[in-house]
């Protein structure tokens, strides 16, 4: 399997090279040169399998030649052994033909664990062969950072620096999951600015090739293809549980950075009968506005009770634009330059292709709170604000095929919002009961590239 950049000017890489590289040297994102296909019989054969076995069958074609079958099986087994549910990603019925895919049973209670726990093991296996040491730098709107720290803390050959917005732009549980680990190889950096600013500085570091080579920089944000790949699996397992491939399925995904729903797009490209992929956004609705108007123009980020979606620059949107523009890297690069100048208008052909694959909707703060309350009253289920955004939008896009709404975080990660809506304060699982008693380790940093690079140089293991 070869991997190519969405901007067309970076070297073609293997899976291992793309995983360890993250962002391409031309500023683009790596995608498979071809998406492998699964036949209807191969999809049907996933029925009843343990999650780990399904993951192996889906991931293997993308990594063959980088890992042996035994190495991949071992990585997958270690990745998911710490999950709190034997099904890993169980389905719960919310209403007739509407199901919630619970993706919050991992060690940090968010869907990011599915990808981060696996790539932590893949990184470790790859680095053990060479003895190379790398520096991972990530930016987070809340869940990516805690999942990365949990996956890489204490591992040999890896230093981890996570940028997150300072102040109240992440929940207290999210912050403490990043700041309480005591392992010396992890560093939580509270940066002045919002998530888009954190993500911009991260890309600046990757685009400074001298610094990138000096510290052996690697990325674990969803710009890293391995992150997207790991998330493809639960689209298959949930669809098969509902009757695929004989029966088509719809998915509604709360998304800000577009990585999770792009994984569904890859699953569809592999042959999974996905009738519709629905983008659910909060008030920071650039993705919804783009599909409605054809104009992709960021506006200011407005803080919300679903902070992991408070994003205007959706990195993974570039990956789907690459396909919408017939994989013409020059066209994508031109769009990204226009985005830096304020935004761009999609060609009619590209817009039509996006609308063929995706629906969209948005939820206001009041609608999000009302949905949390209504779901609790009708099902007894507590859901997080991000999940509530998707439930509200999913209800507007129901069809003949069953709808699966992705439940992306445990409600206990956002207890204030959930309690305000329902009167019930969701409790953390027992294994995390001491989270608020642990000392925090955090460094406040400015929104300044040179300062961040100096800090990383001085604090990484030599």
- What is the residue count in the range 211-257 for residues that are closer than 30 Å to residue 302 by Cα, modelled with pLDDT of 95 or more and not in a helix (DSSP H, G or I)? 5
- Task: Report the residue count in the range 43-63 for those that are touching a residue at least 60 places away in the same chain (Cβ under 8 Å) and either surrounded by 19 or more Cβ atoms within 10 Å (Cβ to Cβ) or not in a loop (DSSP other than H, G, I, E, B) (or both).
- Result: 11
- Only one residue in 120, 22 is touching a helix residue (DSSP H, G or I) at 6+ places or on another chain (Cβ under 9 Å), over 30 Å from residue 426 (Cβ atoms) and modelled with pLDDT under 95. Which one? 22
- Query: What are the residue pairs meeting all of these: first residue in the range 405-422, first residue farther than 18 Å from residue 393 by Cβ, second residue part of a strand (DSSP E or B), Cβ atoms under 8 Å, and 6 or more apart or on different chains?
  - Reply: 410/110; 413/110
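Residue-wise test of (1) within 30 Å of residue 366 (Cβ to Cβ); (2) touching a helix residue (DSSP H, G or I) at 6+ places or on another chain (Cβ under 8 Å); (3) at pLDDT 95 or above.
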{"site": "417", "(1), (2), (3)": "yes, yes, yes"}
{"site": "421", "(1), (2), (3)": "yes, yes, yes"}
{"site": "427", "(1), (2), (3)": "yes, yes, no"}
{"site": "434", "(1), (2), (3)": "no, no, no"}
{"site": "440", "(1), (2), (3)": "no, yes, yes"}
{"site": "445", "(1), (2), (3)": "no, yes, yes"}
{"site": "450", "(1), (2), (3)": "no, no, yes"}
{"site": "453", "(1), (2), (3)": "no, yes, yes"}
{"site": "460", "(1), (2), (3)": "no, no, no"}
- Message: Just to check your reading of the model, which residue among 457, 441 is in contact (Cβ under 8 Å) with a residue 12 or more places away in the chain, over 22 Å from the mean Cα position of the chain (by Cα), in a helix (DSSP H, G or I) and closer than 30 Å to residue 204 by Cβ?
- Response: 457
- Which one of 152, 164 is at pLDDT 90 or above, in contact with a strand residue (DSSP E or B) (Cβ under 7 Å, 6 or more places away or on another chain) and over 22 Å from residue 15 (Cα atoms)? 164
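Can we say residue 412 is within 27 Å of residue 363 (Cβ to Cβ) and at pLDDT below 95? Spell out how you get there, then give the answer.
On the way: within 27 Å of residue 363 (Cβ to Cβ): yes; at pLDDT below 95: yes.
Yes: the conditions hold for residue 412.
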- Conditions (1) more than 19 Å from the chain's Cα centre (by Cα); (2) buried (at least 21 other Cβ atoms within 10 Å of the Cβ); number of the one not met by residue 330: (2)
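Evaluate the following for residue 107: is it touching a helix residue (DSSP H, G or I) at 6+ places or on another chain (Cβ under 8 Å), part of a loop (DSSP other than H, G, I, E, B) and closer than 28 Å to residue 176 by Cα? Don't jump to the end; show me each part of the working.
Details: touching a helix residue (DSSP H, G or I) at 6+ places or on another chain (Cβ under 8 Å): yes; part of a loop (DSSP other than H, G, I, E, B): yes; closer than 28 Å to residue 176 by Cα: yes.
When the stated conditions are applied, residue 107 passes them.
The values are calculated or read from the model by the stated rules, or taken from the named source; none is laboratory data. These numbers were taken from a predicted model, which means no experiment stands behind them. In this analysis, Cβ positions are derived from the backbone assuming ideal geometry, glycine residues included, and neighbour counts consider all displayed protein chains.
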